[in-house]
1. At pLDDT below 95, out of contact with any helix residue (DSSP H, G or I) (no Cβ under 8 Å at 6 or more places or on another chain), surrounded by 12 or more Cβ atoms within 10 Å (Cβ to Cβ) and farther than 18 Å from residue 9 by Cα: is that true of residue 106 in this structure?
2. Pick from the stretch 60-84 the residues that are at pLDDT below 95 and touching a helix residue (DSSP H, G or I) at 6+ places or on another chain (Cβ under 9 Å): which of them is surrounded by the fewest Cβ atoms within 10 Å (Cβ to Cβ)?
3. Exactly one of (1) more than 15 Å from the chain's Cα centre (by Cα); (2) closer than 21 Å to residue 75 by Cβ is unmet by residue 2. Its number?
4. Using the structure shown, decide if residue 10 is in contact (Cβ under 8 Å) with a residue 12 or more places away in the chain, closer than 15 Å to residue 126 by Cα and surrounded by 14 or more Cβ atoms within 10 Å (Cβ to Cβ).
5. Return yes or no: is residue 122 at pLDDT below 95, in a helix (DSSP H, G or I), over 27 Å from residue 21 (Cα atoms) and touching a strand residue (DSSP E or B) at 6+ places or on another chain (Cβ under 8 Å)?
6. State which residue is farthest from residue 77 (Cα to Cα) when the search covers only the stretch 40-54 and only residues that are in contact with a strand residue (DSSP E or B) (Cβ under 8 Å, 6 or more places away or on another chain) and touching a residue at least 40 places away in the same chain (Cβ under 8 Å).
């Protein structure tokens, strides 16, 4: 099985996370500045790491509605679909950045120290949520993993 790539899309920074080949665990990968050629960098990672699925977080409002940030993430996912040969999925990522900040604070990190890293942790949470849900569906269908 090929690894999956998780993306926390933002207007300033884009966090990336990658899974292991068994798609059990997500790990922070890198943060890309919005000033860079983001699609090109992601295409490079997908190629180099033989990514099979890209999961883009869509930050819906608590009501479930789609706001400006979610529209931007959806447009970005659609753009990736035109340049990547792998599957590109969208994943509801409500509160992942808040959860990432909370996890880093719990670990004793100050917000100022984690600016470049929090987006990777948010991407990790997005990807781990996708991996866990996918594994649950396999087990519920009577097909235990591995």
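1. Details: at pLDDT below 95: yes; out of contact with any helix residue (DSSP H, G or I) (no Cβ under 8 Å at 6 or more places or on another chain): yes; surrounded by 12 or more Cβ atoms within 10 Å (Cβ to Cβ): no; farther than 18 Å from residue 9 by Cα: yes.
So residue 106 does not fit the description; no.
2. 61
3. (2) is the only condition that residue 2 fails.
4. Details: in contact (Cβ under 8 Å) with a residue 12 or more places away in the chain: yes; closer than 15 Å to residue 126 by Cα: yes; surrounded by 14 or more Cβ atoms within 10 Å (Cβ to Cβ): yes.
Considered against the rule, which asks whether it is in contact (Cβ under 8 Å) with a residue 12 or more places away in the chain, closer than 15 Å to residue 126 by Cα and surrounded by 14 or more Cβ atoms within 10 Å (Cβ to Cβ), residue 10 comes out as yes.
5. Details: at pLDDT below 95: yes; in a helix (DSSP H, G or I): yes; over 27 Å from residue 21 (Cα atoms): no; touching a strand residue (DSSP E or B) at 6+ places or on another chain (Cβ under 8 Å): yes.
Taking the combined requirement at face value, the residue does not satisfy it.
6. Kept after step one, since they are in contact with a strand residue (DSSP E or B) (Cβ under 8 Å, 6 or more places away or on another chain), are these residues of the stretch 40-54: 41-42, 45-46, 49, 51-54.
Imposing the further condition that a residue be touching a residue at least 40 places away in the same chain (Cβ under 8 Å) reduces the set to 42, 45-46, 49, 51-54.
On the way: 42: 11, 45: 15, 46: 14, 49: 19, 51: 15, 52: 15, 53: 12, 54: 9 Å.
The selected residue is 49.
Per-residue answers, yes or no, for (1) surrounded by 11 or more Cβ atoms within 10 Å (Cβ to Cβ); (2) modelled with pLDDT of 65 or more; (3) more than 16 Å from the chain's Cα centre (by Cα):
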| site | (1), (2), (3) |
| --- | --- |
| 47 | yes, yes, yes |
| 54 | yes, yes, no |
| 58 | yes, yes, no |
| 93 | yes, yes, no |
| 115 | yes, no, yes |
| 126 | yes, yes, no |
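The values are calculated or read from the model by the stated rules, or taken from the named source; none is laboratory data. All values reported here derive from a predicted model rather than from experimental measurement. Note: ideal-geometry Cβ built from the backbone for every residue, glycine included; neighbour counts use all protein chains shown.
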